[in-house]
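One structure below.
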Amino acid sequence: MARSEHDVINFSTLERELKGAIESERRHHRENDAKLRAVNQGVSSYGQFRDLVLSCHLKPLEKKDKDGAPRKQPWNPVAPTNE
């Protein structure tokens with residue numbers, strides 16, 4: 001029996017599809033958890049609910065990320081600089 005082009009498995013395409021499916025599943029769980037947290041918090045408006053869900057992928061900065069970073073506040077010329 002002869003093999004056609006459709007019988008050959010392209011592993012790079014398969015791996016790319018798998019990674020996409022895994023990331024999609026993670027996103028679904030992350031957003032669902034954010035929705036449940038928002039409902040439990042008793043947000044007062046849909047806008048707040050939506051903002052919590054849309055920002056669920058963000059992570060808080062760690063102390064090491066903030067320490068030693070130059071402060072740039074061009075909107076406040078009175079604020080002291082770290083230079």
Cβ-Cβ under 9 Å pairs, at least 6 apart or on other chains, segment 38-49 side surrounded by 10 or more Cβ atoms within 10 Å (Cβ to Cβ), far side assigned to a helix (DSSP H, G or I) and of a type in the set (A, V, I, L, M): A38/L52; A38/V53; Q41/L52; V43/L52; Q48/A38; F49/A38; F49/V39
Qualifying residue in segment 5-26 (condition: part of a helix (DSSP H, G or I), in contact (Cβ under 8 Å) with a residue 12 or more places away in the chain and under 16 Å from the mean Cα position of the chain (by Cα)): no
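No lab work stands behind these numbers, since they all come straight from the coordinates. Model, not experiment: these values are computed from the prediction. Ideal geometry is used to build each Cβ from the backbone, glycine not excepted, and the neighbour counts take in all protein chains shown.
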